[in-house]
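Inspection log for the structure reproduced underneath, given as C-alpha coordinates.
The values are calculated or read from the model by the stated rules, or taken from the named source; none is laboratory data. What you see is a predicted model; the values in this text were computed from it and never measured. Reconstructed Cβ throughout: ideal geometry from the backbone, glycine too, with neighbour counts over all protein chains shown. With ligands, DNA and RNA removed, areas are computed over all heavy atoms of the protein, side chains included. Shrake-Rupley method; radii C 1.70, N 1.55, O 1.52, S 1.80 Å.
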Amino acid sequence: MSITKVPLKTMVIDNQINQEILKTRIVHIGFGAFHRAHQALYTSEMIEKNQSDWGICEVDLFSGRELIKKLRLQNHRYLVAEKGANENTIKMVGSIKESLHPELDSKQAILEKMAEEQVAIISMTITEKGYCADHSTGLLDQTNSLIIHDLQNPSEPHSAIGYIVEALRLRRERGINGFSIMSCDNVQENGHIAKAAILGFASLLDADLAKWIENNASFPCTMVDRIVPAVTPETLNEIEALSGINDPCAVACEPFRQWVIEDNFVQGRPDWNIVGAEFVEDVVPFEEMKLRMLNGSHSFLAYLGYLGGYTYISDAMTNEAYRNAALEMMLKMQAITLNMPEGTNLEEYAYSLIERFTNPSLKHQTWQIAADGSQKIPQRFGASLQFHLEHNSSYKWIVIAIAGWMQYVKGLDEKGNTIDVRDPLVKTFAEIYAIEKSPEEIVKAFLSIESIFDQSLLSNTSFVETLTNTYILIGDQGANFVVSEQ
Ligand code: NAI
Ligand code: CS2
(Lines give C-alpha, C1' and ligand atoms only; values in the text may rest on other atoms or scores of the structure.)
(Ligands and ions follow the chains in the order given, each with its own letter.)
Protein backbone atom coordinates (compact mmCIF):
# COMPACT_ATOMS: atom_id res chain seq x y z
CA MET A 1 0.00 0.00 0.00
CA SER A 2 1.39 3.41 -0.88
CA ILE A 3 0.26 6.48 1.02
CA THR A 4 0.59 9.93 -0.51
CA LYS A 5 -0.11 13.02 1.56
CA VAL A 6 -1.63 15.95 -0.30
CA PRO A 7 -2.69 19.35 1.10
CA LEU A 8 -6.04 20.17 2.79
CA LYS A 9 -5.65 17.34 5.26
CA THR A 10 -6.35 14.80 2.55
CA MET A 11 -4.78 11.37 2.44
CA VAL A 12 -4.90 9.32 -0.76
CA ILE A 13 -4.61 5.57 -0.27
CA ASP A 14 -4.00 3.40 -3.31
CA ASN A 15 -4.26 -0.37 -3.17
CA GLN A 16 -1.99 -3.05 -4.52
CA ILE A 17 -4.65 -5.38 -5.84
CA ASN A 18 -3.87 -7.37 -8.94
CA GLN A 19 -7.32 -7.69 -10.53
CA GLU A 20 -5.99 -10.49 -12.76
CA ILE A 21 -6.14 -12.93 -9.85
CA LEU A 22 -9.75 -12.11 -9.01
CA LYS A 23 -12.59 -14.39 -10.06
CA THR A 24 -16.18 -13.25 -10.34
CA ARG A 25 -17.54 -14.89 -7.21
CA ILE A 26 -20.00 -12.11 -6.45
CA VAL A 27 -22.44 -10.65 -8.95
CA HIS A 28 -23.72 -7.36 -7.61
CA ILE A 29 -26.95 -5.85 -8.94
CA GLY A 30 -27.22 -2.07 -8.53
CA PHE A 31 -24.00 -0.19 -9.24
CA GLY A 32 -25.27 2.90 -7.42
CA ALA A 33 -23.43 5.33 -5.17
CA PHE A 34 -23.96 3.30 -2.02
CA HIS A 35 -22.51 0.01 -3.23
CA ARG A 36 -19.46 1.82 -4.60
CA ALA A 37 -18.72 3.34 -1.19
CA HIS A 38 -19.67 0.33 0.93
CA GLN A 39 -19.60 -3.35 -0.16
CA ALA A 40 -17.13 -2.79 -3.04
CA LEU A 41 -14.76 -0.91 -0.72
CA TYR A 42 -15.02 -3.47 2.11
CA THR A 43 -14.27 -6.19 -0.45
CA SER A 44 -11.33 -4.26 -1.85
CA GLU A 45 -9.78 -3.71 1.58
CA MET A 46 -10.35 -7.37 2.44
CA ILE A 47 -8.67 -8.60 -0.76
CA GLU A 48 -5.74 -6.38 -0.06
CA LYS A 49 -5.37 -7.93 3.39
CA ASN A 50 -5.97 -11.60 2.65
CA GLN A 51 -5.11 -11.82 -1.07
CA SER A 52 -8.35 -13.72 -1.71
CA ASP A 53 -10.00 -13.95 -5.13
CA TRP A 54 -13.48 -12.63 -4.27
CA GLY A 55 -13.95 -10.41 -7.32
CA ILE A 56 -17.21 -8.65 -8.17
CA CYS A 57 -19.07 -8.42 -11.45
CA GLU A 58 -21.10 -5.20 -11.41
CA VAL A 59 -24.53 -5.25 -13.02
CA ASP A 60 -26.91 -2.32 -13.32
CA LEU A 61 -30.38 -3.05 -14.63
CA PHE A 62 -32.14 0.31 -14.48
CA SER A 63 -29.52 2.98 -15.00
CA GLY A 64 -25.76 3.14 -14.99
CA ARG A 65 -25.15 2.51 -18.69
CA GLU A 66 -22.81 5.49 -19.09
CA LEU A 67 -21.20 4.93 -15.70
CA ILE A 68 -20.37 1.33 -16.55
CA LYS A 69 -18.89 2.42 -19.89
CA LYS A 70 -16.63 4.85 -18.02
CA LEU A 71 -15.75 2.26 -15.40
CA ARG A 72 -14.54 -0.11 -18.08
CA LEU A 73 -12.24 2.59 -19.46
CA GLN A 74 -10.47 2.77 -16.11
CA ASN A 75 -10.00 -0.95 -15.56
CA HIS A 76 -12.97 -1.05 -13.15
CA ARG A 77 -11.12 1.05 -10.57
CA TYR A 78 -12.44 4.23 -8.98
CA LEU A 79 -12.09 6.49 -5.94
CA VAL A 80 -14.07 6.74 -2.73
CA ALA A 81 -13.65 10.02 -0.81
CA GLU A 82 -14.44 9.65 2.89
CA LYS A 83 -15.27 13.17 4.00
CA GLY A 84 -14.95 13.97 7.67
CA ALA A 85 -15.75 17.30 9.27
CA ASN A 86 -12.02 18.17 9.22
CA GLU A 87 -10.19 15.78 6.94
CA ASN A 88 -10.66 13.55 3.93
CA THR A 89 -9.35 10.14 3.02
CA ILE A 90 -9.46 9.05 -0.58
CA LYS A 91 -9.28 5.34 -1.32
CA MET A 92 -8.96 3.42 -4.56
CA VAL A 93 -11.29 0.44 -5.01
CA GLY A 94 -9.84 -2.60 -6.80
CA SER A 95 -12.32 -5.41 -6.10
CA ILE A 96 -14.23 -5.22 -9.37
CA LYS A 97 -13.34 -7.84 -11.92
CA GLU A 98 -15.85 -7.03 -14.64
CA SER A 99 -19.21 -5.41 -15.39
CA LEU A 100 -22.34 -6.11 -17.41
CA HIS A 101 -25.25 -3.99 -18.51
CA PRO A 102 -28.33 -5.20 -20.42
CA GLU A 103 -28.00 -2.38 -22.97
CA LEU A 104 -24.23 -2.71 -23.41
CA ASP A 105 -24.15 -6.48 -23.33
CA SER A 106 -27.38 -8.47 -23.17
CA LYS A 107 -29.79 -9.93 -20.67
CA GLN A 108 -28.47 -13.33 -21.68
CA ALA A 109 -24.89 -12.34 -20.83
CA ILE A 110 -25.99 -11.31 -17.34
CA LEU A 111 -27.97 -14.52 -16.80
CA GLU A 112 -25.06 -16.64 -18.03
CA LYS A 113 -22.67 -14.83 -15.66
CA MET A 114 -25.02 -15.41 -12.71
CA ALA A 115 -25.22 -19.07 -13.67
CA GLU A 116 -21.42 -19.58 -13.67
CA GLU A 117 -20.44 -22.23 -11.18
CA GLN A 118 -17.95 -20.16 -9.17
CA VAL A 119 -20.54 -17.42 -8.50
CA ALA A 120 -21.41 -17.85 -4.84
CA ILE A 121 -23.23 -14.64 -3.97
CA ILE A 122 -25.68 -12.35 -5.71
CA SER A 123 -25.70 -9.11 -3.75
CA MET A 124 -28.09 -6.22 -4.29
CA THR A 125 -28.54 -2.51 -3.72
CA ILE A 126 -31.61 -1.96 -5.86
CA THR A 127 -33.57 0.43 -3.60
CA GLU A 128 -36.66 -0.55 -1.63
CA LYS A 129 -38.82 -0.68 -4.75
CA GLY A 130 -36.48 -3.14 -6.49
CA TYR A 131 -37.89 -6.04 -4.45
CA CYS A 132 -41.32 -5.67 -6.09
CA ALA A 133 -42.75 -6.43 -2.67
CA ASP A 134 -45.73 -5.10 -0.85
CA HIS A 135 -43.88 -3.72 2.18
CA SER A 136 -46.98 -3.94 4.36
CA THR A 137 -47.30 -7.72 3.88
CA GLY A 138 -43.68 -8.53 3.03
CA LEU A 139 -44.88 -10.60 0.03
CA LEU A 140 -44.36 -10.33 -3.71
CA ASP A 141 -46.55 -7.65 -5.27
CA GLN A 142 -48.13 -9.54 -8.12
CA THR A 143 -49.61 -6.33 -9.51
CA ASN A 144 -46.12 -4.84 -10.04
CA SER A 145 -45.70 -4.18 -13.78
CA LEU A 146 -42.14 -5.64 -13.84
CA ILE A 147 -43.38 -8.84 -12.23
CA ILE A 148 -46.33 -9.11 -14.63
CA HIS A 149 -43.87 -8.78 -17.51
CA ASP A 150 -41.35 -11.26 -16.07
CA LEU A 151 -43.95 -13.92 -15.36
CA GLN A 152 -44.88 -13.83 -19.03
CA ASN A 153 -41.25 -13.64 -20.25
CA PRO A 154 -39.13 -15.43 -17.62
CA SER A 155 -36.06 -15.78 -19.85
CA GLU A 156 -36.12 -12.05 -20.77
CA PRO A 157 -36.57 -10.53 -17.32
CA HIS A 158 -36.72 -6.86 -16.36
CA SER A 159 -36.72 -7.10 -12.56
CA ALA A 160 -33.86 -8.19 -10.32
CA ILE A 161 -36.22 -10.84 -8.93
CA GLY A 162 -36.84 -12.18 -12.46
CA TYR A 163 -33.09 -12.29 -13.20
CA ILE A 164 -32.30 -14.20 -10.02
CA VAL A 165 -35.03 -16.79 -10.54
CA GLU A 166 -34.03 -17.37 -14.17
CA ALA A 167 -30.34 -17.70 -13.21
CA LEU A 168 -31.27 -20.23 -10.53
CA ARG A 169 -33.39 -22.12 -13.04
CA LEU A 170 -30.39 -22.35 -15.37
CA ARG A 171 -28.16 -23.57 -12.53
CA ARG A 172 -30.67 -26.24 -11.56
CA GLU A 173 -31.01 -27.36 -15.18
CA ARG A 174 -27.21 -27.60 -15.47
CA GLY A 175 -26.71 -29.44 -12.18
CA ILE A 176 -24.93 -26.48 -10.54
CA ASN A 177 -25.51 -25.56 -6.89
CA GLY A 178 -27.53 -22.52 -5.89
CA PHE A 179 -26.07 -19.30 -4.47
CA SER A 180 -26.70 -16.88 -1.64
CA ILE A 181 -28.79 -13.80 -2.30
CA MET A 182 -27.60 -10.98 -0.07
CA SER A 183 -29.71 -7.84 0.05
CA CYS A 184 -27.85 -4.70 1.14
CA ASP A 185 -30.86 -2.40 0.96
CA ASN A 186 -32.57 -0.46 3.72
CA VAL A 187 -35.41 -2.92 3.89
CA GLN A 188 -36.68 -4.37 7.14
CA GLU A 189 -35.58 -8.04 7.25
CA ASN A 190 -34.13 -7.53 3.79
CA GLY A 191 -33.09 -11.18 3.36
CA HIS A 192 -36.58 -12.39 4.26
CA ILE A 193 -38.18 -9.90 1.87
CA ALA A 194 -35.84 -11.01 -0.92
CA LYS A 195 -36.66 -14.64 -0.13
CA ALA A 196 -40.42 -14.05 -0.11
CA ALA A 197 -40.25 -12.17 -3.43
CA ILE A 198 -38.01 -14.77 -5.11
CA LEU A 199 -39.89 -17.82 -3.86
CA GLY A 200 -43.22 -16.09 -4.51
CA PHE A 201 -42.20 -15.38 -8.10
CA ALA A 202 -40.68 -18.85 -8.68
CA SER A 203 -43.74 -20.62 -7.30
CA LEU A 204 -45.96 -18.79 -9.79
CA LEU A 205 -43.75 -20.19 -12.56
CA ASP A 206 -42.92 -23.68 -11.34
CA ALA A 207 -43.54 -25.14 -7.87
CA ASP A 208 -40.62 -27.60 -8.20
CA LEU A 209 -38.21 -24.79 -9.05
CA ALA A 210 -39.40 -22.86 -6.00
CA LYS A 211 -38.76 -25.92 -3.80
CA TRP A 212 -35.28 -26.36 -5.33
CA ILE A 213 -34.46 -22.71 -4.66
CA GLU A 214 -35.63 -23.01 -1.08
CA ASN A 215 -33.28 -25.98 -0.58
CA ASN A 216 -30.31 -24.65 -2.55
CA ALA A 217 -30.16 -20.92 -1.92
CA SER A 218 -29.85 -18.80 1.20
CA PHE A 219 -30.98 -15.26 1.89
CA PRO A 220 -28.81 -13.65 4.59
CA CYS A 221 -30.19 -10.46 6.12
CA THR A 222 -27.77 -7.55 6.46
CA MET A 223 -27.73 -4.21 8.17
CA VAL A 224 -25.77 -1.73 6.09
CA ASP A 225 -24.85 1.79 7.09
CA ARG A 226 -22.87 4.60 5.52
CA ILE A 227 -24.27 7.93 4.40
CA VAL A 228 -23.53 8.24 0.69
CA PRO A 229 -25.12 11.28 -0.97
CA ALA A 230 -25.95 11.13 -4.67
CA VAL A 231 -22.93 12.10 -6.76
CA THR A 232 -23.12 15.56 -8.39
CA PRO A 233 -20.68 17.37 -10.73
CA GLU A 234 -19.52 19.28 -7.63
CA THR A 235 -18.68 15.98 -5.90
CA LEU A 236 -16.48 14.94 -8.82
CA ASN A 237 -14.82 18.35 -9.08
CA GLU A 238 -14.04 18.33 -5.39
CA ILE A 239 -12.56 14.82 -5.54
CA GLU A 240 -10.47 15.86 -8.51
CA ALA A 241 -9.21 18.92 -6.64
CA LEU A 242 -8.33 16.80 -3.61
CA SER A 243 -6.76 13.83 -5.39
CA GLY A 244 -5.57 15.26 -8.68
CA ILE A 245 -7.50 12.48 -10.42
CA ASN A 246 -10.40 13.06 -12.78
CA ASP A 247 -12.60 10.07 -12.01
CA PRO A 248 -16.17 10.06 -13.36
CA CYS A 249 -16.99 6.97 -11.26
CA ALA A 250 -15.85 8.49 -7.95
CA VAL A 251 -18.14 8.80 -4.98
CA ALA A 252 -18.04 10.72 -1.69
CA CYS A 253 -19.34 9.56 1.67
CA GLU A 254 -18.97 9.95 5.41
CA PRO A 255 -16.04 8.24 7.22
CA PHE A 256 -18.42 6.05 9.29
CA ARG A 257 -19.38 2.64 8.00
CA GLN A 258 -21.08 -0.42 9.43
CA TRP A 259 -22.08 -3.82 8.07
CA VAL A 260 -23.76 -6.52 10.14
CA ILE A 261 -24.35 -9.73 8.20
CA GLU A 262 -26.30 -12.87 9.05
CA ASP A 263 -23.79 -15.68 8.65
CA ASN A 264 -25.89 -17.82 6.33
CA PHE A 265 -24.11 -18.56 3.05
CA VAL A 266 -24.48 -21.73 0.97
CA GLN A 267 -21.32 -21.47 -1.18
CA GLY A 268 -18.86 -19.83 1.20
CA ARG A 269 -18.38 -16.12 1.75
CA PRO A 270 -15.63 -13.52 1.91
CA ASP A 271 -14.02 -12.76 5.27
CA TRP A 272 -15.40 -9.24 5.36
CA ASN A 273 -14.96 -9.37 9.15
CA ILE A 274 -11.20 -8.76 8.77
CA VAL A 275 -12.02 -5.23 7.64
CA GLY A 276 -14.69 -4.44 10.20
CA ALA A 277 -17.91 -6.18 9.11
CA GLU A 278 -19.63 -8.34 11.74
CA PHE A 279 -21.08 -11.78 11.10
CA VAL A 280 -23.91 -12.56 13.53
CA GLU A 281 -26.70 -15.09 13.92
CA ASP A 282 -29.53 -12.58 14.01
CA VAL A 283 -29.35 -9.22 12.24
CA VAL A 284 -32.99 -8.23 12.71
CA PRO A 285 -32.55 -6.18 15.94
CA PHE A 286 -29.72 -4.19 14.32
CA GLU A 287 -31.77 -3.60 11.19
CA GLU A 288 -34.70 -2.35 13.27
CA MET A 289 -32.44 -0.08 15.30
CA LYS A 290 -30.95 1.49 12.20
CA LEU A 291 -34.16 1.76 10.20
CA ARG A 292 -36.10 3.35 13.04
CA MET A 293 -33.47 5.55 14.66
CA LEU A 294 -31.30 6.60 11.70
CA ASN A 295 -33.63 6.28 8.74
CA GLY A 296 -36.76 7.33 10.66
CA SER A 297 -35.15 10.58 11.81
CA HIS A 298 -33.66 11.03 8.34
CA SER A 299 -37.14 10.89 6.77
CA PHE A 300 -38.42 13.35 9.37
CA LEU A 301 -35.55 15.75 8.57
CA ALA A 302 -36.07 15.20 4.84
CA TYR A 303 -39.77 16.18 4.73
CA LEU A 304 -39.78 18.87 7.39
CA GLY A 305 -36.35 20.05 6.29
CA TYR A 306 -37.26 20.33 2.61
CA LEU A 307 -40.50 22.15 3.40
CA GLY A 308 -38.61 24.39 5.85
CA GLY A 309 -36.23 25.46 3.07
CA TYR A 310 -33.20 23.29 3.92
CA THR A 311 -31.37 21.77 0.97
CA TYR A 312 -29.04 19.55 2.98
CA ILE A 313 -29.49 17.51 6.15
CA SER A 314 -26.53 19.29 7.75
CA ASP A 315 -28.27 22.64 7.09
CA ALA A 316 -31.40 21.48 8.92
CA MET A 317 -29.18 20.33 11.78
CA THR A 318 -27.91 23.88 12.28
CA ASN A 319 -31.43 24.74 13.47
CA GLU A 320 -31.59 23.79 17.14
CA ALA A 321 -35.29 22.94 16.94
CA TYR A 322 -34.70 20.43 14.12
CA ARG A 323 -31.70 19.00 15.93
CA ASN A 324 -33.63 18.50 19.16
CA ALA A 325 -36.58 17.07 17.26
CA ALA A 326 -34.32 14.53 15.52
CA LEU A 327 -32.85 13.49 18.87
CA GLU A 328 -36.29 13.14 20.43
CA MET A 329 -37.45 11.16 17.43
CA MET A 330 -34.54 8.78 17.94
CA LEU A 331 -34.78 8.39 21.69
CA LYS A 332 -38.42 8.93 22.63
CA MET A 333 -40.24 7.76 19.51
CA GLN A 334 -37.97 4.99 18.22
CA ALA A 335 -35.39 3.66 20.72
CA ILE A 336 -38.05 2.74 23.26
CA THR A 337 -39.78 0.50 20.73
CA LEU A 338 -36.66 -1.64 20.23
CA ASN A 339 -35.62 -4.90 21.78
CA MET A 340 -31.84 -4.95 21.55
CA PRO A 341 -29.21 -7.48 22.66
CA GLU A 342 -27.74 -6.74 26.09
CA GLY A 343 -25.02 -4.13 26.08
CA THR A 344 -26.42 -2.05 23.19
CA ASN A 345 -26.26 1.62 24.16
CA LEU A 346 -29.03 3.34 22.20
CA GLU A 347 -28.40 6.73 23.77
CA GLU A 348 -24.80 6.68 22.60
CA TYR A 349 -26.02 5.53 19.18
CA ALA A 350 -28.46 8.45 18.97
CA TYR A 351 -25.79 11.02 19.83
CA SER A 352 -23.44 9.51 17.25
CA LEU A 353 -26.20 9.82 14.63
CA ILE A 354 -26.70 13.48 15.51
CA GLU A 355 -22.99 14.05 14.99
CA ARG A 356 -23.04 12.23 11.64
CA PHE A 357 -26.05 14.19 10.40
CA THR A 358 -24.28 17.43 11.38
CA ASN A 359 -21.16 16.74 9.24
CA PRO A 360 -21.08 19.88 7.05
CA SER A 361 -18.82 18.25 4.45
CA LEU A 362 -21.58 15.86 3.41
CA LYS A 363 -23.93 17.41 0.91
CA HIS A 364 -26.81 15.03 1.58
CA GLN A 365 -29.93 16.48 0.02
CA THR A 366 -33.23 16.39 1.89
CA TRP A 367 -34.81 15.88 -1.54
CA GLN A 368 -32.83 12.65 -2.08
CA ILE A 369 -33.99 11.12 1.19
CA ALA A 370 -37.57 12.32 0.59
CA ALA A 371 -37.79 10.09 -2.51
CA ASP A 372 -39.76 6.84 -2.41
CA GLY A 373 -41.57 7.67 0.83
CA SER A 374 -44.26 5.10 0.03
CA GLN A 375 -41.57 2.42 0.33
CA LYS A 376 -39.82 3.90 3.36
CA ILE A 377 -42.59 5.05 5.69
CA PRO A 378 -43.97 1.59 6.57
CA GLN A 379 -40.54 0.35 7.66
CA ARG A 380 -39.39 3.50 9.40
CA PHE A 381 -42.56 4.39 11.31
CA GLY A 382 -45.18 1.62 11.03
CA ALA A 383 -44.18 -0.65 13.92
CA SER A 384 -43.21 2.28 16.18
CA LEU A 385 -46.57 3.92 15.64
CA GLN A 386 -48.39 0.71 16.59
CA PHE A 387 -46.16 0.45 19.68
CA HIS A 388 -47.13 3.95 20.86
CA LEU A 389 -50.81 3.45 20.14
CA GLU A 390 -50.75 0.24 22.19
CA HIS A 391 -48.73 1.77 25.05
CA ASN A 392 -50.52 5.10 25.00
CA SER A 393 -47.18 6.89 24.67
CA SER A 394 -46.31 9.99 22.64
CA TYR A 395 -45.83 9.61 18.90
CA LYS A 396 -45.70 13.35 18.23
CA TRP A 397 -42.67 13.45 15.90
CA ILE A 398 -43.85 10.43 13.94
CA VAL A 399 -47.15 12.17 13.23
CA ILE A 400 -45.27 15.31 12.23
CA ALA A 401 -43.07 13.29 9.87
CA ILE A 402 -46.08 11.57 8.25
CA ALA A 403 -48.05 14.81 7.96
CA GLY A 404 -44.93 16.47 6.52
CA TRP A 405 -44.68 13.69 3.93
CA MET A 406 -48.37 14.19 2.98
CA GLN A 407 -47.69 17.90 2.47
CA TYR A 408 -44.46 17.21 0.56
CA VAL A 409 -46.03 14.84 -1.97
CA LYS A 410 -48.59 17.51 -2.84
CA GLY A 411 -45.70 18.70 -5.01
CA LEU A 412 -45.66 22.37 -3.96
CA ASP A 413 -43.28 23.89 -1.45
CA GLU A 414 -44.11 26.66 1.00
CA LYS A 415 -43.25 29.32 -1.58
CA GLY A 416 -45.47 27.73 -4.20
CA ASN A 417 -42.57 26.22 -6.17
CA THR A 418 -42.98 22.78 -7.70
CA ILE A 419 -41.38 19.85 -5.90
CA ASP A 420 -40.03 17.07 -8.11
CA VAL A 421 -41.72 14.22 -6.22
CA ARG A 422 -40.12 10.84 -6.97
CA ASP A 423 -42.08 7.82 -5.84
CA PRO A 424 -43.60 4.70 -7.45
CA LEU A 425 -46.98 5.93 -6.14
CA VAL A 426 -46.65 9.47 -7.46
CA LYS A 427 -49.80 9.06 -9.59
CA THR A 428 -51.82 7.89 -6.59
CA PHE A 429 -50.73 11.00 -4.67
CA ALA A 430 -51.70 13.27 -7.57
CA GLU A 431 -55.12 11.60 -7.77
CA ILE A 432 -55.71 12.15 -4.07
CA TYR A 433 -54.94 15.83 -4.43
CA ALA A 434 -57.03 16.08 -7.59
CA ILE A 435 -60.14 14.52 -6.01
CA GLU A 436 -60.12 15.05 -2.27
CA LYS A 437 -60.77 18.50 -0.97
CA SER A 438 -60.90 18.81 2.82
CA PRO A 439 -57.76 18.10 4.88
CA GLU A 440 -59.57 15.28 6.65
CA GLU A 441 -60.51 13.66 3.33
CA ILE A 442 -56.94 14.01 2.08
CA VAL A 443 -55.48 12.49 5.24
CA LYS A 444 -57.98 9.60 5.14
CA ALA A 445 -57.27 8.97 1.45
CA PHE A 446 -53.54 8.66 2.24
CA LEU A 447 -54.22 6.41 5.22
CA SER A 448 -56.32 4.18 2.95
CA ILE A 449 -53.22 3.22 0.90
CA GLU A 450 -52.92 -0.34 2.14
CA SER A 451 -49.31 -0.87 1.09
CA ILE A 452 -48.24 2.02 3.34
CA PHE A 453 -50.56 2.08 6.36
CA ASP A 454 -52.08 -0.50 8.66
CA GLN A 455 -55.78 -0.12 7.95
CA SER A 456 -56.68 -0.17 11.67
CA LEU A 457 -55.33 3.41 11.80
CA LEU A 458 -58.32 4.64 9.82
CA SER A 459 -60.74 3.68 12.57
CA ASN A 460 -58.64 5.26 15.32
CA THR A 461 -60.45 8.60 15.46
CA SER A 462 -58.06 10.27 17.86
CA PHE A 463 -55.07 9.32 15.66
CA VAL A 464 -56.81 10.54 12.49
CA GLU A 465 -57.72 13.80 14.22
CA THR A 466 -54.17 14.38 15.49
CA LEU A 467 -52.72 13.64 12.05
CA THR A 468 -55.26 15.91 10.33
CA ASN A 469 -54.59 18.78 12.72
CA THR A 470 -50.83 18.41 12.24
CA TYR A 471 -51.30 18.27 8.48
CA ILE A 472 -53.34 21.50 8.61
CA LEU A 473 -50.83 23.19 10.91
CA ILE A 474 -47.87 22.42 8.61
CA GLY A 475 -49.89 23.71 5.63
CA ASP A 476 -50.97 26.91 7.43
CA GLN A 477 -47.94 27.79 9.53
CA GLY A 478 -45.08 26.05 7.75
CA ALA A 479 -42.64 23.32 8.73
CA ASN A 480 -40.27 25.59 10.67
CA PHE A 481 -43.08 26.81 12.90
CA VAL A 482 -44.34 23.29 13.63
CA VAL A 483 -40.88 21.92 14.44
CA SER A 484 -40.03 24.92 16.64
CA GLU A 485 -43.34 25.17 18.50
CA GLN A 486 -43.81 21.52 19.45
P1 NAI B 1 -28.44 5.24 -6.47
O2 NAI B 1 -29.56 6.07 -6.96
O3 NAI B 1 -27.05 5.71 -6.66
O4 NAI B 1 -28.54 3.79 -7.12
C5 NAI B 1 -29.75 3.10 -7.14
C6 NAI B 1 -29.50 1.75 -7.80
O7 NAI B 1 -30.70 1.00 -7.74
C8 NAI B 1 -29.12 1.89 -9.27
O9 NAI B 1 -28.12 0.96 -9.53
C10 NAI B 1 -30.42 1.55 -10.00
O11 NAI B 1 -30.21 0.98 -11.27
C12 NAI B 1 -31.00 0.52 -9.05
N13 NAI B 1 -32.44 0.38 -9.17
C14 NAI B 1 -33.39 1.34 -9.04
N15 NAI B 1 -34.62 0.81 -9.19
C16 NAI B 1 -34.43 -0.51 -9.41
C17 NAI B 1 -35.31 -1.59 -9.64
N18 NAI B 1 -36.63 -1.44 -9.67
N19 NAI B 1 -34.76 -2.83 -9.82
C20 NAI B 1 -33.41 -3.01 -9.82
N21 NAI B 1 -32.54 -2.02 -9.62
C22 NAI B 1 -33.04 -0.79 -9.40
O23 NAI B 1 -28.74 5.00 -4.91
P24 NAI B 1 -27.77 4.45 -3.78
O25 NAI B 1 -27.23 5.58 -3.00
O26 NAI B 1 -26.81 3.51 -4.38
O27 NAI B 1 -28.78 3.69 -2.85
C28 NAI B 1 -29.35 2.48 -3.26
C29 NAI B 1 -29.93 1.79 -2.05
O30 NAI B 1 -28.89 1.44 -1.15
C31 NAI B 1 -30.88 2.64 -1.20
O32 NAI B 1 -32.17 2.64 -1.71
C33 NAI B 1 -30.80 1.95 0.13
O34 NAI B 1 -31.68 0.85 0.18
C35 NAI B 1 -29.37 1.42 0.17
N36 NAI B 1 -28.54 2.27 1.02
C37 NAI B 1 -28.14 3.52 0.60
C38 NAI B 1 -27.38 4.31 1.43
C39 NAI B 1 -26.97 5.71 1.06
O40 NAI B 1 -26.62 6.49 1.95
N41 NAI B 1 -26.98 6.09 -0.19
C42 NAI B 1 -26.92 3.80 2.73
C43 NAI B 1 -27.47 2.52 3.11
C44 NAI B 1 -28.21 1.78 2.25
C1 CS2 C 1 -31.52 7.58 3.69
C2 CS2 C 1 -30.53 6.43 3.68
O3 CS2 C 1 -32.04 7.93 1.44
C4 CS2 C 1 -32.48 7.55 2.53
O5 CS2 C 1 -33.61 7.17 2.68
O6 CS2 C 1 -32.20 7.57 4.90
O7 CS2 C 1 -30.06 6.13 2.40
C8 CS2 C 1 -29.35 6.66 4.64
O9 CS2 C 1 -28.50 7.66 4.14
C10 CS2 C 1 -28.56 5.40 4.83
O11 CS2 C 1 -29.40 4.39 5.25
C12 CS2 C 1 -27.41 5.57 5.79
O13 CS2 C 1 -26.83 4.33 6.00
Exercise. Per the helix-only calculation at 222 nm, which mean residue ellipticity applies to the chain, given -39500 (n - 2.57) for every DSSP H run of n ≥ 4 and division by its residues, nearest 500 deg cm²/dmol?
Worked result: -12500 deg cm²/dmol
Seminar exercise, completed: In nanometres, the difference between 0.36 nm per residue of separation and the alpha-carbon distance of ASN273 and THR461 is 62.7 nm
For this session: Quick one: check the C-alpha center-to-center distance for segment 267-295 versus segment 164-225, whole angstrom.
Result: 19 Å
Seminar exercise, completed: Along the dipole axis of segment 2-280 (charges at Cβ: +1 for Lys and Arg, -1 for Asp and Glu; origin at the Cα centre), the most positive-end residue among PRO229, VAL93, GLY64 is VAL93
For this session: Please work out whether segment 215-367 counts as rounded, prolate or oblate from its C-alpha gyration tensor, where a ≥ b ≥ c are the square roots of the eigenvalues and a/c under 1.5 means rounded, while otherwise a/b larger than b/c means prolate and anything else oblate?
Result: oblate
Seminar exercise, completed: Between the residues THR428, GLY478, PHE453, the Cα farthest towards the positive end of the dipole of segment 415-481, that dipole coming from +1 and -1 charges on the beta-carbon of Lys, Arg, Asp and Glu, is from GLY478
Exercise. Any idea of the accessible area per residue across the chain, 1.4 Å probe, to the nearest Å²?
Worked result: 40 Å²
For this session: Using the Cα centre as the reference, give the magnitude of the dipole from point charges on the C-beta atoms of the chain (Lys, Arg: +1; Asp, Glu: -1; all else neutral), rounded to the nearest 20 debye.
Result: 800 debye
Exercise. Modelled label-to-label distance, ASN216 and MET11, 7 Å Cα→beta-carbon offset: nm?
Worked result: 4.7 nm
Problem set entry | Potential extension, SER438-ILE336 segment - 0.36 nm per residue separation minus Cα distance | 33.3 nm
Seminar exercise, completed: With 0.36 nm assigned to each residue of separation and the Cα-Cα distance removed, SER393 to LEU170 gains 75.0 nm
For this session: Tally the DSSP beta bridges in the chain and give the antiparallel ones as a percent, rounded to 5.
Result: 40 percent
Problem set entry | DSSP-assigned coil residues among trypsin sites (Lys or Arg not before Pro) in segment 367-432, each with at most 11 further Cβ atoms within 10 Å | LYS415
For this session: Give the shape of the chain as rounded, prolate or oblate, defined through the alpha-carbon gyration tensor: a ≥ b ≥ c are the square roots of its eigenvalues, a/c under 1.5 means rounded, and otherwise the shape is prolate if a/b is larger than b/c and oblate if not.
Result: oblate
Exercise. What does the charge dipole of segment 284-485 about its Cα centre add up to, to the nearest 20 debye, if the Cβ of each Lys and Arg holds +1 and the Cβ of each Asp and Glu holds -1?
Worked result: 320 debye
Problem set entry | Sites excluded, GluC sites (Glu not before Pro) in DSSP loops with at most 13 other C-beta within 10 Å, longest stretch of the chain | 118-280
For this session: Take the Cβ-Cβ distance between SER106 and GLU20 as r, set R0 to 35 Å, and report the resulting FRET efficiency rounded to the nearest 0.05.
Result: 0.85
Problem set entry | 28 Å Cα-Cα threshold exceeded, pairs from LYS107/LYS195; LYS332/LYS415; LYS97/LYS290; LYS97/LYS211; LYS376/LYS415 | LYS332/LYS415; LYS97/LYS290; LYS97/LYS211
Exercise. With the Cα gyration tensor of segment 374-480 giving a ≥ b ≥ c as the square roots of its eigenvalues, does the rule (a/c under 1.5 for rounded; else a/b larger than b/c for prolate; else oblate) give rounded, prolate or oblate?
Worked result: prolate
Problem set entry | Positive-end extreme of charge dipole, the chain - chosen from GLY178, TYR312, ILE245 (charges on Cβ) | ILE245
For this session: Work out the FRET efficiency for GLN258 and THR428 from their Cβ-Cβ distance, taking R0 = 35 Å, and round it to the nearest 0.05.
Result: 0.55
For this session: Whenever you get a sec, compute what percent of the accessible area on the chain sits on carbon and sulfur atoms (1.4 Å probe).
Result: 48 percent
Problem set entry | Cα centroid of segment 301-331 to Cα centroid of segment 376-445, whole Å | 17 Å
Exercise. Taking a spot 7 Å from the Cα of LEU346 along the direction of its beta carbon, which residues of segment 291-313 have an amide N less than 11 Å from it?
Worked result: 292-293
Seminar exercise, completed: For segment 2-280, the dipole about the Cα centre with charges only on Cβ (Lys and Arg +1, Asp and Glu -1), to the nearest 20 debye, works out at 420 debye
